[in-house]
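J.: Below is a structure I'd like to ask you about.
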Amino acid sequence: MLNLLVVEDDIEQTKQIVNYICQNNNYIKLYGITSSGNEALELIEKEKVDIIILDLKLEDSSGVEIIKKLEKEKSEKYKQSIIITSGENTLVKEVCHSSYVFNYFMKPLNYTKVLESLNIIIDESKYKEKIRNIIEKELRRLNFNFTYDGTQYLIDCIYRIYLLEKSNREVSANNIYQIIANHYKKTANTIYGDIKQAINSMYYDCEEEILKEYFKYNFIMKPKPQEVIYTIARKIKT
């Protein structure tokens, strides 16, 4: 289930959006409804929202300001997760090309088209869940401890490297650490250090033969974070 936040200052419009979506999609759970931009930001900052339908003209902070704040804070979670609605073309032009905006619709809304965009976001989320499950399976094979923060950071790093390699884009491991750091509001050094801690624990808990076979070692040695990330990323097949 994905949590949906509807930010809209027209109550009747809100009812129609919510009713249509809930009647036609069982994978969406309504997380919240608000007409306030400030309240919307408070809900978004809890990071329990997955998809946002965002009206650009609100009572206080506008939808444009919300998107610009997410851009400033580099909130990776909400990239390509916002569907904007508006009756004013000038407002749409300000943010329609943002990496946080998946699609936009002018009022009066075509609910079928809005639902189609929601379904695409949902499908992509399911794909992400599938890949993350594969990554977790590989980490369990190596006996990683999932109670460590570093193991979670490692999953995120592997997933992002996998997507970049799949799209034939290159990025250094150091840049990935910074991207993950921005998401968790940590430093890149913290992310790297916690990943190293998770790998240290794995090294002592994993059977030697499994470790040697997995990383193609001739003798037992502790893999480096970058080696773990790229080895697992390249084992994923879809």
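The values are calculated or read from the model by the stated rules, or taken from the named source; none is laboratory data. No experiment lies behind these values; they were computed from the predicted model shown. Note: ideal-geometry Cβ built from the backbone for every residue, glycine included; neighbour counts use all protein chains shown. The accessibility values were calculated without ligands, DNA or RNA, using every heavy atom of the protein model including side chains. Shrake-Rupley method; radii C 1.70, N 1.55, O 1.52, S 1.80 Å.
J.: For the stretch 149-230, take every pair of Cα atoms, bin their distances at 5 Å starting from 0, and report each bin as a whole percent.
T.: 3, 15, 25, 21, 17, 13, 5, 1
J.: Let me ask another. Give the angle, between 0 and 90 degrees and rounded to the nearest 10, that separates the Cα long axis of helix 188-205 from the longest principal axis of the Cα atoms of the chain.
T.: For helix 188-205, the angle is close to 50 degrees.
J.: A further question on this structure: Using a 1.4 Å probe, how large is the accessible area of Thr190, given in Å² and rounded to the nearest 10?
T.: Its accessible surface works out to 50 Å², give or take rounding.
J.: Run the reach check for Lys113 against aspartates and glutamates, Cα to Cα strictly under 20 Å, same-chain hits fewer than 8 apart removed. What comes back?
T.: Straight-distance partners of Lys113: Glu8, Asp10, Glu12, Asp50, Asp55, Glu88, Asp123, Glu124.
J.: For Cα extents along the principal axes in Å, several values are listed as (i) 67, 34, 32; (ii) 50, 41, 37; (iii) 75, 50, 27; flag the one computed from this structure.
T.: (i)
J.: Sorted by accessible area (1.4 Å probe), largest first, how do Asp60, Asp149 line up?
T.: Ranked from most to least accessible, the order is Asp149, Asp60.
J.: Any idea of Ser201's accessible area? Nearest 10 Å², probe 1.4 Å.
T.: 20 Å²
J.: Oh, and also: Give the relative contact order (percent, whole number) for the stretch 109-187; include only Cα pairs under 8 Å separated by 6+ residues. Show your work: numbers first, answer last.
T.: Numbers: 22 pairs, mean separation 16.6, N = 79.
Relative contact order, the stretch 109-187: 21 percent.
J.: Give me the percent relative contact order of the chain, please, defined on Cα pairs under 8 angstrom at least 6 residues apart.
T.: 15 percent
J.: Follow-up question, since we're still on this one. In terms of the ratio Rg/(2.2 N^0.38 Å) built on C-alpha atoms, what value belongs to the stretch 12-69? Before the final figure, lay out the partial values.
T.: Numbers: Rg = 11.9 Å, N = 58, 2.2 N^0.38 = 10.3 Å.
The value comes to 1.15.
J.: In degrees, nearest 10, range 0 to 90: what is the angle between the Cα axis of helix 11-24 and the longest Cα principal axis of the chain?
T.: Compared with the principal axis, the helix lies near 50 degrees.
J.: Now for a separate question. Evaluate the distance, in nm, between pseudo-label points positioned 7 Å from the Cα of Tyr127 and of Asn25 along their respective Cα→Cβ axes.
T.: Here the answer is 1.6 nm between the modelled labels.
J.: Report the number of Lys pairs in the stretch 136-238 whose alpha-carbons are under 18 Å apart, with separation of 8 or more residues or on distinct chains.
T.: Qualifying lysine pairs in the stretch 136-238: 14.
J.: How big is the accessible area of Leu154 in square angstrom, nearest 10, if you roll a 1.4 angstrom probe over the protein chains?
T.: 0 Å²
J.: Using only the alpha carbon atoms of the stretch 79-203, find the Kirkwood hydrodynamic radius as the inverse mean reciprocal pair distance, in angstroms to one decimal.
T.: Working: mean 1/r = 0.0591 Å⁻¹.
This gives a value of 16.9 Å.
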